[in-house]
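Here is the structure we will look at, set down as structure tokens.
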Amino acid sequence: MDIIVLNYKQNPQTKVKAEDIPNTIPANALAELLKNDSDPYYSVEAIDFPVMGNTHIYGVQGSYEKGYFESIEKDLKKKPIPGSKNGHSYSDKPTNDLFLVGMKIEETGNGTGTAYFKNYIPPKDFNGQDNYGLIRDSRLGLLQFSLVSRPVYDEKELETTGKYKVIGTNGGNRNDAVEEGAMKQTVNSRQETDFGLMRDLVKNGQVTLENIDGNIIQNGKVSRPALRQIVSRADCENKAEISEIISMIDKTKNGGKPVDINEIVTAVKNNNIAFADIAKNCGFVVRNVQDEENAKIVENMKKKLGDEPEKKLDTILAENAANAEAIVKNKVIAVYGQPKTKNGDVEADNPAYVYAMDKCKGKNSSEVDSLLVSLKDDPIMKMIASKNADMTTTAVVIGDSKKTGVSKNNIDGIPVIGG
């Protein structure tokens, strides 16, 4: 399933209150949700955009732009966006224990800004159980949410730079509450360039060897892989400062020295670990030989058939099948006559045609030719021929002539076809 998952944390210090965010969903939907709830509870969250998060491709990051949040807001005007308090469910029907009911987008210019979310948490969950624990965690600022959507990407950006920019949603929206660290990605981090802050964090041992979302500072920790990724670029700015931070991390207890390649090989051998799994965990997209061959096949199909090659190939195959069937029908008609026969005003199926077509089903042109020759000695066809012989009609009569094909002989003007 092509979905994107955008995690974000509740910010208990946000100055925006629930009453500051309008109820975006239809009034009748809100009334239904608030039925019998005299003191509704709302949680308020915020995401600064653009923000980095995952795409539908494992390990590949993308930027969630203003258009994505505008698209969520547009969908919210049609109906509430539900969420489960038990995280994501991709097999069974997820429970709807909370509901996104309001949004507000504040722009700061040049495509930047903040999207505020207003979640209604009812006193009872989907199964009628007490929702107090969820409400309590929200009041304490402990909740982490995860927006699920089917993405719309900026195709021009993807084609020219290879970067994924999420600019909208094709529906399938949910806003589930997830456990801390449930997804290997957080999106409330920033691409921090404050080297003083980074040095302080590293000195305090606040470092991570994970590259969760591509940002340098993630949940108050400096990411060594993110720094290495930046310093490896040809156009890297502040390379000396970044290298210094990396060196500091390598000297810390939590950072440690870089692992030697021989140590990695030994670890792989001793623990039966696949290099492909290591690459995936490092955020690389792994493609094997078969993947490369499949990609070449798809590319060649696109060159010959254009966009949506599978659909066009299906059309061609369907046309070929129809043409092949028409050829078989014409061959059978040439020998056994039209599909229908007439006796006066009465029209009926031509049994010889029906029987021959059944025998020819699935055969190619040359096979049909051979089959039609062999049918002249088929006992069932001979029986059909004897019953079908009616000298009072103008229908083709299947006889037992000693000539093949249409005989020049005839009986009362009726051509005789036989062997």
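The values are calculated or read from the model by the stated rules, or taken from the named source; none is laboratory data. Worth saying up front: this structure is predicted, and the values here are computed from it rather than measured. Backbone-built Cβ (ideal geometry, glycine too); neighbour counts: all protein chains shown.
Points worth noting:
- Residue match in the stretch 33-45 (condition: part of a loop (DSSP other than H, G, I, E, B), modelled with pLDDT of 90 or more and under 28 Å from I3 (Cβ atoms)): no
- Yes/no for Q206 being farther than 24 Å from L76 by Cα, touching a Lys or Arg at 6+ places or on another chain (Cβ under 6 Å) and either modelled with pLDDT under 85 or crowded, with 21+ Cβ neighbours inside 10 Å (or both): yes
Condition check ((1) closer than 24 Å to P40 by Cβ; (2) among the hydroxyl-bearing types (S, T, Y); (3) within 23 Å of the chain's Cα centre (by Cα)) across all residues:
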residue: E65; (1), (2), (3): no, no, yes
residue: K78; (1), (2), (3): yes, no, no
residue: V101; (1), (2), (3): yes, no, no
residue: Y116; (1), (2), (3): yes, yes, no
residue: S138; (1), (2), (3): yes, yes, no
residue: F145; (1), (2), (3): yes, no, yes
residue: D154; (1), (2), (3): no, no, yes
residue: K165; (1), (2), (3): no, no, yes
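- Subset of the stretch 134-155 (residues that are of a type in the set (A, V, I, L, M) and part of a strand (DSSP E or B)): L147, V148, V152
- The stretch 348-419 holds no helices (runs of 4 or more DSSP H) entirely within its bounds that carry 3 or more residues that are among the acidic types (D, E), at pLDDT 80 or above and more than 60 Å from the chain's Cα centre (by Cα).
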